[in-house]
Structure formats: C-alpha cells, structure tokens
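Q: One structure, pasted below without further comment.
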Amino acid sequence: MKIKRFTIFLGLRVVMLLVLMVSFSFVLWSKEWVVTPFVLGGFILLSILELIRFLFRFQKKLSNTLHQYKYENEVPIRSDFPEVFEALKEIMEIRWNQDAVLEDNLVLFQSLVALQAQAVLICNRNGEVVFQSDAVSELLSYKVVSNFSELEGYSLKVYSTLKSMESNDQVVLEAKEFEFIFPKDIKVEMTKLLIRRQEFKVFHFSLEQANAQEFEAWANFAKVVAHEIRNGISPVKSLSNSLQDDLDVIGDENIRSDFKSALTIIENRCDNLLEFTEKYRKLVRITAPQKAYFSLNVLLEKLERLNLKSLENIDLHKIGFEYEIMLFGDEKQLMHVFENLLLNSLQAFERNEIVQPELSIEIKDQKSDVLVFMRDNGGGISEEDLPHIFLPFYTTQEEGSGIGLSVAQQILAKHKGQIHWVKEEQPFTTFCVRIPKGRG
C-alpha cells in the first residue's frame, strides 16, 4: 500500500540523514580526514533539502485536496498516497453530513414552529409520530401518542381513510358519517416530504366552516339596511297617526272611513317593517360574551324549571347528568341557545299534534369540550328544509321569526363552539351543541 511506502521512504530519509550526521561527527573528531568532512557535509545538506522537498510535495497535495473538498469539487486528485486522502475525504463527508443534518433540523424546526398554531400531524414511513400540534388533539378530541396506528382505536373508519390517502390528496371527514366523534366536518390534506432520505407524511386538518369576515361584512350591511328602513318608516308612521287624528274634519262618512282604512293599512305595514328591522337588530346585535365559570348541569336544570308547565305532558329523559360539568362562558347567552332548541321541540310537538311527545337531553363530557344532544320525536326536518335551517329568516312556521338557530349559531361561534343537526330517521330531530370547557 502506498501509505506504507510513504512511511518507508520518510523513514529511510530520516535514517540516512542520521547516519550521515553520525559519520560527519566521527570524521570531524578523528582529524585524519580532510576532504571527507566536506563530502559528508554536502550529502547532509542534500539529504535535508530532499527531505524538505519530499514533505513539501506532500503538503502541497494535501492542500490541493482540502481545497478540492472545500469547494465540493467531485473531480478526484491523482495522489501518491490515496489512503491519506481517502481518510480525509471520509472526515470531510462526515462533516458535510453533520452540517446537512443541522441545516435540515433547523428548517424542520422552523416549519414545526410555524405549524404549531395549525392542526398538523407528521409521521414517518413506519407510522411513528414525529410531530403533532396541539390543534390536532383539540380538533379530533383525541391525541396520538406515538404511532399513527393508534388512530385505529379512535376510529377504524378515520384510520382507514387517512391511511389510504396519497400525496396531495384531499378528503372531507363529515361529522355525521363518523357518528360525531368530532364536532364538525373536517378537511384533511396529505403531502409527502423527503428529508435526509426519509419519507414523511404530513396531514393538515382544518374545519369546513364559513368565513367569519364574510359574516361580519354581511352583518354590517344588515345594520345599514335596518337603520335606513327605520329612519324611513318612522316619519311615515308618525304622519299616519297625525292624519288619523285629523279625520274628523272630513264631513263625508264614506270618505272618512276610506281614509281611515287606508291609514290603518299604512300603519300596520309600518309596524311590520319595524318589527322586521328589530329582528335584524337582534341578529347582528349579539354582544361579546361575558365569560365566567358556571355549571352546565345547573343551567339545564334551570331550563327545565322555567319550562316546567310546558314539559308536564312530555316524556323527558336526561342522560349524563351524574357528574357536574363546569364551563367557561356567558351563561345567559348559552341559556338562550338551549331555550331556542327547547322551544323548537315544543312547537314541533304542538304543530304536528304528537300524541306521545318525547324529549331527551344528553351530556357527553370530552377532554377539551362538552357535547349536548337535544332529541325529540316532533316529526323531523324535511330534506327540502334541511339545507336552510341555519339561514337567517328562514322558517316553516307561520309566526316564526326564522332567526333562532342563526342566533344560536352566532352565540356558539363567539364561544368557539358549534351547533349541528344530527342525521336521524323521522319523526326524530337531534341537534348537537359543542362548547369548549376552558378559556381557550
């Protein structure tokens, strides 16, 4: 091997230099040699120069190689000592790999920090979870601890759906198809990343919900419309009242009667428009919740007591009331939500003349939130009406305002909760209300 040759050559040069120096000392000491000391001195000088040249060549080749690796040039250098340079190459490659790992880790760390606020789960090819943001467990009400396969225990259907996804696939997990183990439809996007020759699956979860900015714009428009209608109608109603007071000056009874009838119609239409604008105001005037801790059990018990007379002929079932559940929210606003759902059930019993009305209220306590299911046998909701039940002013009742469920939806949105209709066979209707427990 050439590395051994290098060692031998270097050793021979050093030994030769030592021999020459010893011989030079001996000749110089004996004083019998006159020319020989000069000859030996010349050889010593030549040996020293040869050794310097030999080492300089090695240094030059080493320097060239280091420069080659510094600029990542893959063209190999011709060398008398490839073993030395192979060892250096290995050292440099290890250093480059370490630098690459540090750079990848930095990029990954920055990405994970940016994703922490989003619902993201990352696992490797073996299913080991390398990252999971807190938003995932909040959204699914479940936390994957170490391996993607744990989702099978959470829901086999969810696990199978996510496992079958390919890179850049998108699916929507509809809450009603997954028995409401999560509160609302969830959109899932999956992409694959290749980092340090390892493949990672990145699942991004997001709620399918309306844009809050769009609703805010709509609410502001509604305020302007309601304001303009009130400003235009109020003077008309005032003038109508004044004209009715002055009808006595008309001598002809028939004419006076016609005028009074016309003015009454005008006044009634004004009252209807003012009532309509008041509904608008109620819809967009929901204030920020005044949050405090309160007992959900006590709230629902209070709801029952306030409607005791209306509930006396109804078979009421309460499920999950054994343990007290504390919520952080606006108790009055949330009471309004459940009052509206109860009122809808009572009106359905009366409207459809249900002989044996049944109503159940079920509480399901989850890790970060609570679900309240209200179920009645009041006739159900038709397929035609179902897409519109949360639209403002949509009603199937002659005297209904059509804003009850819309207001309830807004109240819950301000609490970062949701309300959903649960698919049921007629004559049953079920609504699910999700309310976060804490201050989040």
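The values are calculated or read from the model by the stated rules, or taken from the named source; none is laboratory data. None of the values given here were measured: they were computed from a predicted structure. Backbone-built Cβ (ideal geometry, glycine too); neighbour counts: all protein chains shown.
Q: If I ask for residues that are out of contact with any Leu (no Cβ under 6 Å at 6 or more places or on another chain), among the aliphatic types (A, V, I, L, M) and surrounded by 15 or more Cβ atoms within 10 Å (Cβ to Cβ), which ones from region 336-360 would you list?
A: Those that are out of contact with any Leu (no Cβ under 6 Å at 6 or more places or on another chain), among the aliphatic types (A, V, I, L, M) and surrounded by 15 or more Cβ atoms within 10 Å (Cβ to Cβ): 337, 341, 342, 346, 348, 354.
Q: Moving on. Starting from residues that are among the aromatic types (Phe, Trp, Tyr) and within 15 Å of residue 201 (Cα to Cα), keep the ones in region 123-152 and report whichever is surrounded by the most Cβ atoms within 10 Å (Cβ to Cβ).
A: Restricting to residues being among the aromatic types (Phe, Trp, Tyr) and within 15 Å of residue 201 (Cα to Cα), the top hit is 148.
Q: Ok, one more. Loosely packed, with under 15 Cβ neighbours inside 10 Å, in contact with a Ser or Thr (Cβ under 8 Å, 6 or more places away or on another chain) and either modelled with pLDDT of 95 or more or over 20 Å from residue 356 (Cα atoms) (or both), is that true of residue 301?
A: no
Q: Here is a follow-up. Being at pLDDT below 65 and surrounded by fewer than 15 Cβ atoms within 10 Å (Cβ to Cβ) is true for just one of 199, 228, 208, 275. Which residue is that?
A: From the options 199, 228, 208, 275, the qualifying one is 208.
Q: For residue 155, state whether it is surrounded by fewer than 14 Cβ atoms within 10 Å (Cβ to Cβ), modelled with pLDDT of 75 or more and not assigned by TED's automatic domain parsing to the domain that holds residue 418.
A: Criteria not met by residue 155.
Q: Does at least one position in region 163-180 carry a residue that is basic (Lys, Arg), surrounded by 15 or more Cβ atoms within 10 Å (Cβ to Cβ) and modelled with pLDDT of 70 or more?
A: Checked against the condition, which is being basic (Lys, Arg), surrounded by 15 or more Cβ atoms within 10 Å (Cβ to Cβ) and modelled with pLDDT of 70 or more, region 163-180 yields no hits at all.
Q: Provide a single number: the residues in region 123-150 that are modelled with pLDDT of 85 or more and among the hydrophobic types (A, V, I, L, M, F, W, C).
A: 3
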